[in-house]
Amino acid sequence: MSEEAEHITKTKFYFEIHSMAWMNKLIFFLVYFGHDLILPILGKELQVPPHYQVVNVSSLIPKSYCEKSTSAIGSQKLEIVSRHGPCFPNAKTPTSDSEQLMNWDQVRVRSINKKLKKPLEGKYDNGDYTVKIGLGTPRQDFYLMFDTGSTKTWVRCKSCTKGCKSVAPLYDPSKSSTYINNTDGCNGPFNVNYIDNSSIKGIWGCDTFTGDNKGLATIMKFQFGCSQEINGDFDDISGILGLGKGEFSVTSQIASTMEMFSYYIPSRSSLTGNLYFGNEAKEISNACSSNKFTPLVEGKYPENYYVDLVGISVAGKKLNVSSTTFTSLGTIIDSGTVITRLPQVVYSALRDAFRQYMLSYTLLDEVDELMDTCYSLEGIELIALPEIKFHFGKESIIDVTLTKEGTLWTPHDSNGSIMCLAFASTKDFTIIGSVQQRGLNVIYDLKGERIGFGTNCPTK
């Protein structure tokens, strides 16, 4: 028996469920782990081996009310809210979690359109995170999805003639005294094409950009797309705030000296997070108890942020997948994708290992179209969750442990009775989505050409 097989055998959880008419409790007995370590679960007491964490199932379920950020640090920030959480004005709740993820393309990957000879941007998963910004004088407010995978910013415009139906507000350039569309960089056709043949068409324009906080620097003559034709299902989004690399990115336009930005994606949709710029991104980074950085690397698409993901561990054991399998296709870190996608061979290894360590719990069949590893947790208060760790870097490797919220996905309509491994497979390169970034302060050090992951930061 191999060392890995022996480890898996020793950590298998076996249990018996005894029902009692006078007591609505589950009693679990787990077998030996290693050197005489017995793992009992009795009522609310749970002890677990190394590389596991005890998770209260109720802690993963969003509240019905908005839990505002309590961070006192920073004025150069934008508040992050989920479009489907109670902090979003008139939030629309999907009828099911699959609807939330599947309305948009399942895979947010870039490809090359042979006719257009330019990248196609993957369409957005529904269930995205937004920030509130203002355009124009007087200010017109919009909640835009912030996206590190897109360079261009666009908003729905009142001049829209196709696919315009939406409850979201429309930008009206005629009401802004600072709108410009007749100078270089502020005119001409605007186009964004997506992998499923949907698209945004309109015109380039410029106007005054302001954040939701007065401390954030105002951008005069901010370049963005004013959408006039919307082809495809974009739900009710007001538009996209592009934080990718390139001259049209917010990071390029906000200030010539802007060297860093960071964000904290909240652990559940009833919480808020923050998007920080400049010196305050540095301040937040310095206030974290731990920061780990890995270099940005070159990739196929210059607008994206690439890192070297070289391995993944589950419950302290590294997957039996070579590092070249990860690095040969590349890894993009992207705030606009929700569920992380892995190449099929990597995903299969992750899924199989995770299932082995979750044998105590009932695996469900065909619960979700996108995620194939879902468990029934009906009546269970505490679970023993195996730790998932990402390994980054070819020369100097850093280890980043996912939070419990970055491991499991809770369907909206399950009320916590069903939870899924928040990963899916793809034929293409790896995309690290927003779910796996939950609970981490993700730092984009543009000057240092590196990405960092901070823990225990004052950003909640």
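A few comments on the model shown:
- For GLN140, distant residues with modelled amide H under 5 Å away: LEU135
- The P(r) of segment 217-297 has a tail past 22 Å containing 43 percent of all C-alpha pairs.
- Inter-label distance, GLU369 to SER177: 4.9 nm, where each label sits 7 Å from its Cα along the C-beta direction.
- The alpha-carbon positions of segment 268-416 define a convex hull whose volume is 162 Å³ per residue.
- Note on segment 328-377: Cα Rg divided by 2.2 N^0.38 Å, N the number of residues, gives 1.33.
- Sparse packing (at most 16 other Cβ atoms within 10 Å of the Cβ) combined with a DSSP loop state is found for the following GluC sites (Glu not before Pro) in segment 310-414: GLU366, GLU369, GLU378, GLU381, GLU395.
- Gain on full extension, evaluated as 0.36 nm per residue between SER58 and SER328 minus their Cα-Cα distance, stands at 93.2 nm.
- LYS245 accessible area, assembled protein chains, probe 1.4 Å, Å²: 70 Å²
- For segment 393-445, the spherically averaged projection of the C-alpha convex hull amounts to 5.4 nm².
- Structure note, pairs LYS162/LYS221; LYS77/LYS394; LYS245/LYS389; LYS152/LYS201; LYS201/LYS447: Cα-Cα distances above 24 angstrom occur for LYS162/LYS221; LYS77/LYS394; LYS245/LYS389; LYS201/LYS447.
- Stokes-Einstein diffusion for segment 328-460, with the hydrodynamic radius set to the Kirkwood value over Cα pairs and evaluated at 37 °C in a medium of 0.692 mPa s, equals 205 µm²/s.
- Extending 7 Å from Cα along the Cβ direction at CYS66 and again at GLU283 yields two label points whose distance is 2.3 nm.
- ³J(HN,Hα), Karplus 6.51/-1.76/1.60, whole Hz, each residue of segment 311-324, x for Gly, Pro: x, 9, 10, 10, 6, x, 10, 6, 4, 7, 9, 5, 4, 5
- For ASP308, the residues 5 or more places off, or on other chains, whose built amide H falls under 5 Å of its own are GLY393.
- Taking Cβ atoms as reference points and 11 Å as the exclusive limit, the residues near LYS175 contribute a net charge of 0, counting Lys and Arg as +1 and Asp and Glu as -1.
- Cut-off under 5 Å, modelled amide H: who pairs with LEU271 long-range: GLU67
- Rounded to whole Hz, the Karplus (6.51, -1.76, 1.60) HN-Hα couplings of segment 425-442, x for glycine and proline: 9, 8, 7, 10, 6, 7, 10, 8, x, 5, 4, 5, 9, 4, x, 10, 8, 8
- Our coupling estimate for segment 267-278, obtained by passing each phi through the Karplus curve with A = 6.51, B = -1.76, C = 1.60 and θ = phi - 60°, is 6, 8, 6, 8, 9, 10, x, 9, 10, 10, 10, x Hz, Gly and Pro reported as x.
- Computed extension length for ASN320-MET220: 30.8 nm, one decimal, from 0.36 nm per residue of separation with the Cα-Cα distance subtracted.
The values are calculated or read from the model by the stated rules, or taken from the named source; none is laboratory data. Quick caveat, the model's predicted, so the values are computed rather than measured. Heads up, the Cβs are rebuilt from the backbone with ideal geometry, glycines too, and the neighbour counts pull from every protein chain shown. For the accessible areas, the whole protein counts, side chains as well, though only heavy atoms, and no ligand, DNA or RNA atoms are used. Shrake-Rupley method; radii C 1.70, N 1.55, O 1.52, S 1.80 Å.
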